[in-house]
Every structure is written in structure tokens, then in C-alpha cells.
Amino acid sequence: MGARIRLKKFGTKKRPYYRIVVMDGRAPRDGKTIEELGYYHPIEAEDKQIVLNEEKVRGWLKNGASVSDTVHQILNKKSITL
């Protein structure tokens, strides 16, 4: 299936945070990652919610990695075109 950029969940009940990672498309949500690209913390202030390494994201997109729907919305917020 190939590489997929998606979220990996961490945190506790009612206080989640997510790492934006590259994984095999068949791997489970919290399975082994290929590379970590940043994080998304929805509870933080608006300017601290999303931290991304944009160079790595663009590199994976050029190599053909697909993006989950939620990560697609996050990338749009950061103005990273697909």
C-alpha cells in the first residue's frame, strides 16, 4: 500500500495529543513509525497547536506518501500544499 502520513495518539483520557508520523498504510494506529514529522496538540493555544518539520513533510509528499483526512486539514492550516 505504501507510506501514509497520519496521526499517532498519545496522552490521557480527555487530554489527547498526537504525533504526525509516517507509517506503513497497513500498520495499526499506534504501531511502528517510519519517521516523526511533528505534533498536534488540540488543547493548547491556537499558535502552539501544530509543530511541523515542513521540509520532511514536503519530501515525503514528493516521494508519494498519501495523507489522512485529518492530517490534510492540519496541513491546510499550516498552508502546506499537497
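Quick rundown of the values:
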| quantity | calculated |
| --- | --- |
| Some residue of segment 44-66 being loosely packed, with under 14 Cβ neighbours inside 10 Å, under 16 Å from K8 (Cβ atoms) and polar (S, T, N, Q) | yes |
| Among the residues listed as I43, I20, the single one being touching a helix residue (DSSP H, G or I) at 6+ places or on another chain (Cβ under 9 Å) and at pLDDT 90 or above | I20 |
| Search result, residues across segment 35-82 that are touching a Leu at 6+ places or on another chain (Cβ under 9 Å), over 14 Å from L7 (Cβ atoms) and of a type in the set (S, T, Y) | T81 |
| Residue check, K8 surrounded by 10 or more Cβ atoms within 10 Å (Cβ to Cβ) and assigned to a helix (DSSP H, G or I) | no |
| Where E36 falls short, out of the listed (1) crowded, with 17+ Cβ neighbours inside 10 Å; (2) modelled with pLDDT of 95 or more | (1) |
| Unmet criterion (only one of (1) under 12 Å from the mean Cα position of the chain (by Cα); (2) at positive phi) for E35 | (2) |
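Each row is one residue, and each column tells you yes or no for (1) touching an Asp or Glu at 6+ places or on another chain (Cβ under 9 Å); (2) part of a strand (DSSP E or B).
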site	(1), (2)
R19	yes, yes
V22	yes, yes
R29	no, no
K32	yes, no
G38	yes, yes
W60	yes, no
L75	no, no
T81	no, no
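The values are calculated or read from the model by the stated rules, or taken from the named source; none is laboratory data. Since the structure is predicted, the reported quantities are computational estimates derived from the model, not experimental observations. Methodologically, a virtual Cβ is constructed for each residue, glycine included, from the backbone with ideal geometry; neighbour enumeration extends over all protein chains shown.
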